[in-house]
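The values are calculated or read from the model by the stated rules, or taken from the named source; none is laboratory data. Keep in mind that this is a model prediction, so the values were computed, not measured. Here Cβ is always computed from backbone atoms with ideal geometry, including for glycine, and neighbour counts include all displayed protein chains. The protein model used for the area step is the full one, side chains on, heavy atoms only, and it has no ligands, DNA or RNA in it. Shrake-Rupley method; radii C 1.70, N 1.55, O 1.52, S 1.80 Å.
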Amino acid sequence: MMKLVHVVGARPNFMKVTPVWRAISKRLSTRQILVHTGQHYDVNMSEVFFTDLGLPEPDHYLDVGSGSHAEQTASIMTGFHGVVSRVKPDLVLVYGDVNSTVAAALVCAKLLIPVGHVEAGLRSLDRTMPEEINRLLTDQISDLLFTPSSDGNENLIREGVNPAKIHLVGNVMIDTLVQLLPKAKDPGSFGLPEKYALVTLHRPSNVDDLTMLRRIVEMLAQISERLKVVFPIHPRTRQRIADFDLRLPGSESFQLREPMGYLGFISLLQSSTVAITDSGGIQEETTFLGVPCLTLRENTERPVTVTDGTNQLVGKDMNLLCRKVDQILEGDQKEGKIPPLWDGHSAERIANVLHDFLN
Ligand code: UD1
């Protein structure tokens with residue numbers, strides 16, 4: 001029997017592997033093996049997603065933990081090399097743009113094991129983002145490139161990738177959203193007012209810089225004077241706020257929470273008045289849900305969320321953020337449409353391509 005290994009490691013990977021795992025189970029008689037690198041390890045950054053998404057326990061856990069990019073990438077490579085040497089897979093699938101993605105792809109490329117990259121071709125064109133380096137390198141050494149939108153195809157072709165490797169399949173993260181929205185928690189169970197902003201922040205460009213993080217925190221405090229702010233805080237951001245000795249607002253209208261599981265988070269997201277974020281996945285999920293999204297970044301590797309969807313980039317301009325929130329509160333919000341192929345069936349398209357590839 002053929003063997004297919006999936007590699008995941010960080011929070012956004014888990015929503016992407018789930019529908020692909022299921023679609024392959026239905027379409028192919030391949031043995032599937034799940035490898036978790038341990039890049040994220042806290043219960044609420046990892047385990048809670050396995051429960052919410054119904055993912056099987058990983059077959060291999062590499063336990064790499066945190067560290068510098070070099071340390072983390074090297075540990076994943078060393079651990080994953082051991083796994084693939086024993087398992088000898090026929091194909092490895094990697095997801096998204098985290099360190100686990102590029103590390104696993106590089107191991108496979110050197111061992112001549114075919115690699116498929118799910119969420120290929122996205123480009124912010126900003127090489128100061130660690131994820132942009134991961135995207136560029138992973139795509140250059142992958143054999144199958146599954147793109148979520150046509151800009152991904154254009155980027156890959158511009159970079160000289162053989163078009164025969166590229167498959168426009170749509171967005172697997174939206175497959176998970178479509179499947180699990182009916183199971184999302186009752187938004188009423190959170191005891192929130194009708195209107196609130198849901199905030200997530202974790203990009204180094206926002207949270208590792210004292211001046212920037214201070215300005216963001218001050219602006220969130222200001223926004224919370226007229227709109228309840230709910231802020232599930234990423235461990236990196238919590239750590240930086242402590243390191244920089246910054247004070248978060250203590251008022252009732254500013255609710256700090258631990259990072260949330262998937263079913264709770266999508267419930268809060270679908271009912272929110274506005275999402276304020278620097279996440280990639282949330283730009284996509286808000287576009288699908290029709291929720292206004294204000295992104296605290298100068299660029300995005302997901303431009304369809306701006307051209308087609310509800311996303312607006314506010315960059316580092318906190319006054320612009322404030323004005324946009326006011327506009328949304330006045331009912332003046334950007335209308336969006338759902339990009340092509342974000343229809344809940346992307347993983348089935350991937351399984352069809354894999355069927356042909358492996359046979
Ligand atoms: C990583 C990804 C990023 C992704 C994000 C989603 C890379 C380069 N970055 O960023 O693309 O958007 O995940 O969350 O792969 N920590 C914990 N518990 C954990 C994990 C991390 O406390 O379970 C803390 C550690 O102090 C760690 C810090 O968070 O040093 C940052 O974690 P890391 O995995 O390096 O990067 P993220 O910021 O999570």
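Can you name every residue in the stretch 164-188 that is in contact with a Ser or Thr (Cβ under 8 Å, 6 or more places away or on another chain) and either acidic (Asp, Glu) or without any contact (Cβ under 8 Å) to a residue 12 or more places away in the chain (or both)?
Asp175, Asp186
When the residues of the stretch 274-291 are filtered to those that are surrounded by 24 or more Cβ atoms within 10 Å (Cβ to Cβ) and not in a helix (DSSP H, G or I), which remaining residue is nearest to the ligand (Cβ to nearest atom)?
Thr277
I'd like the full set of residues that are acidic (Asp, Glu) and in contact with a Lys or Arg (Cβ under 6 Å, 6 or more places away or on another chain), limited to the stretch 90-133. Working first, answer last.
Initial filter on the stretch 90-133 (acidic (Asp, Glu)): 90, 97, 119, 126, 131-132.
Of everything in the stretch 90-133, those that are acidic (Asp, Glu) and in contact with a Lys or Arg (Cβ under 6 Å, 6 or more places away or on another chain) turn out to be Asp90, Asp97.
State whether the residues of the stretch 106-121 include one that is in contact (Cβ under 8 Å) with a residue 12 or more places away in the chain, more than 17 Å from Asn299 (Cα to Cα), open to solvent by less than 10 Å² (accessible area, probe 1.4 Å) and in a helix (DSSP H, G or I). Reasoning before the result, please.
First, the residues of the stretch 106-121 that are in contact (Cβ under 8 Å) with a residue 12 or more places away in the chain: 106-109, 111, 113-121.
Filter again for more than 17 Å from Asn299 (Cα to Cα), leaving 106-109, 111, 113-120.
If we keep only those that are open to solvent by less than 10 Å² (accessible area, probe 1.4 Å) as well, we get 107-108, 115-118, 120.
Now narrow it down to the ones that are in a helix (DSSP H, G or I): 107-108.
Checked the stretch 106-121: at least one residue is in contact (Cβ under 8 Å) with a residue 12 or more places away in the chain, more than 17 Å from Asn299 (Cα to Cα), open to solvent by less than 10 Å² (accessible area, probe 1.4 Å) and in a helix (DSSP H, G or I).
Mind listing whichever residues of the stretch 303-324 are open to solvent by less than 10 Å² (accessible area, probe 1.4 Å) and assigned to a loop (DSSP other than H, G, I, E, B)?
Scanning the stretch 303-324 gives Gly309, Thr310, Val314, Gly315.
Within the set of pairs 6+ apart or on separate chains, which have a first residue in the stretch 226-239 that is within 14 Å of Leu268 (Cα to Cα), a second that is within 16 Å of the ligand (Cβ to nearest atom) and open to solvent by less than 10 Å² (accessible area, probe 1.4 Å), and C-beta atoms under 6 Å apart?
Short answer, once both residue conditions are applied: Val229/Val199; Val230/Leu198; Phe231/Val199.
Quick one: Thr37 ticks every box in (1) under 24 Å from Leu106 (Cβ atoms); (2) open to solvent by 10 Å² or more (accessible area, probe 1.4 Å); (3) among the hydroxyl-bearing types (Ser, Thr, Tyr) except a single one, so which number is it?
(2)
Looking at Ser205, Ser251, which is the one that is among the hydroxyl-bearing types (Ser, Thr, Tyr), open to solvent by 40 Å² or more (accessible area, probe 1.4 Å) and over 18 Å from Lys316 (Cα atoms)?
Values: Ser205 fails: over 18 Å from Lys316 (Cα atoms).
Selected residue: Ser251, the only one of Ser205, Ser251 that is among the hydroxyl-bearing types (Ser, Thr, Tyr), open to solvent by 40 Å² or more (accessible area, probe 1.4 Å) and over 18 Å from Lys316 (Cα atoms).
If you scan the stretch 156-187, which residues turn out to be over 23 Å from Phe288 (Cα atoms) and crowded, with 18+ Cβ neighbours inside 10 Å? I'd like the intermediate steps shown before the answer.
Taking the stretch 156-187 first, the residues over 23 Å from Phe288 (Cα atoms) are 156-166.
Result: Leu156, Val161, Ile166.
Restricting the stretch 62-77 to residues that are outside any helix (DSSP H, G or I) and within 13 Å of the ligand (Cβ to nearest atom), which is farthest from Val98 (Cα to Cα)?
Pass one, the stretch 62-77, residues outside any helix (DSSP H, G or I): 62-68.
Filter once more, keeping what is within 13 Å of the ligand (Cβ to nearest atom): 63-68.
Details: Asp63: 16, Val64: 14, Gly65: 13, Ser66: 13, Gly67: 14, Ser68: 13 Å.
Here the residue is Asp63.
What is the number of the single condition among (1) surrounded by fewer than 23 Cβ atoms within 10 Å (Cβ to Cβ); (2) farther than 22 Å from His202 by Cα; (3) not hydrophobic (A, V, I, L, M, F, W, C) that Thr18 does not meet?
Going through the list (1) surrounded by fewer than 23 Cβ atoms within 10 Å (Cβ to Cβ); (2) farther than 22 Å from His202 by Cα; (3) not hydrophobic (A, V, I, L, M, F, W, C), Thr18 breaks only (1).
Mind checking whether some residue in the stretch 128-140 is free of Cβ contacts under 8 Å to residues at least 60 places away in the same chain, touching a helix residue (DSSP H, G or I) at 6+ places or on another chain (Cβ under 9 Å) and assigned to a loop (DSSP other than H, G, I, E, B)?
no
Which numbered condition in (1) open to solvent by less than 10 Å² (accessible area, probe 1.4 Å); (2) hydrophobic (A, V, I, L, M, F, W, C); (3) free of Cβ contacts under 8 Å to residues at least 24 places away in the same chain is the only one that Leu144 fails?
(3) is the only condition that Leu144 fails.
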